[in-house]
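For reference, the structure discussed in these notes is given below.
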Amino acid sequence: MNGMQQQDRQPGPVTAWRSSLGALVVAAALVGMSVACTGDATGSASSAEPWGTNTVTPAALVKELASASGADKPVVVCTGPAMLYRSGHVPGAVFHGPAAASEGLTDLTTWAKTLPRAANVVIYCGCCPVSDCPNIRPAYKALKDLGFTKVRVLLLPTNFGTDWAAPGYPVEK
């Protein structure tokens, strides 16, 4: 075949079907994640974030996890959907369920009552952009209401896959 004939070739029906199926699977996964991230009135986004500057970037958290020890080592908490945590999470992160759901918030606060109030706590969800996340705000508020003095939010502007896994930061399953 010459170059012109190769350019004019259309993919066969099986190749086109596989390509369409792959796109459909990816689209379904994205829809599933956004459905899992739908919050209620207590987890809705607001223009003023309650955590202000109490945040940490993925790169800074990776460095901190590698270098900190003892009471300085961050306690990382995933406050998102179980399927997200099971598919991969920040190494060492604990899971207490979606904080937008009463069961998840109750589990988080029950667990947190056992920690020193000066613990270095980092919370994240990763199901969607942190600005839209229904789980981060109730988790942050609950921990602050319990008297925790060092609670930070892991900044995931898009989601866990894009902002943590894709750049190659460590993932635990």
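The values are calculated or read from the model by the stated rules, or taken from the named source; none is laboratory data. Just so it is clear, the model here is predicted, and its values are computed rather than measured. Virtual Cβ from ideal backbone geometry, glycine too; neighbours counted across all protein chains shown.
When you check ARG86 against the structure, is it part of a helix (DSSP H, G or I), outside the structural domain of PHE160 (by TED's automatic domain parsing) and either modelled with pLDDT under 95 or not hydroxyl-bearing (Ser, Thr, Tyr) (or both), yes or no? It is false that ARG86 is part of a helix (DSSP H, G or I), outside the structural domain of PHE160 (by TED's automatic domain parsing) and either modelled with pLDDT under 95 or not hydroxyl-bearing (Ser, Thr, Tyr) (or both). Regarding the stretch 130-138, can at least one residue be identified that is assigned by TED's automatic domain parsing to the domain that holds ASP72, closer than 24 Å to THR106 by Cα, part of a helix (DSSP H, G or I) and not aliphatic (A, V, I, L, M)? Looking through the stretch 130-138, at least one residue is assigned by TED's automatic domain parsing to the domain that holds ASP72, closer than 24 Å to THR106 by Cα, part of a helix (DSSP H, G or I) and not aliphatic (A, V, I, L, M).
Among the residues of the stretch 157-168, those identified as surrounded by fewer than 23 Cβ atoms within 10 Å (Cβ to Cβ) and within 18 Å of ARG86 (Cβ to Cβ) are GLY161, ALA165.
Take the conditions under 15 Å from the mean Cα position of the chain (by Cα) and part of a loop (DSSP other than H, G, I, E, B) and apply them to PRO116. Does it pass? So PRO116 fails the test. Candidates VAL77, VAL121: the one that is under 19 Å from THR57 (Cβ atoms), touching a Pro at 6+ places or on another chain (Cβ under 9 Å) and not in a helix (DSSP H, G or I) is VAL121.
Under 14 Å from VAL75 (Cα atoms) and surrounded by 23 or more Cβ atoms within 10 Å (Cβ to Cβ): is that true of ILE136 in this structure?
On the way: under 14 Å from VAL75 (Cα atoms): no; surrounded by 23 or more Cβ atoms within 10 Å (Cβ to Cβ): yes.
Answer is no for this residue.
State which residue is surrounded by the most Cβ atoms within 10 Å (Cβ to Cβ) when the search covers only the stretch 81-129 and only residues that are basic (Lys, Arg) and closer than 17 Å to VAL151 by Cα. Out of the qualifying residues, it is ARG117.
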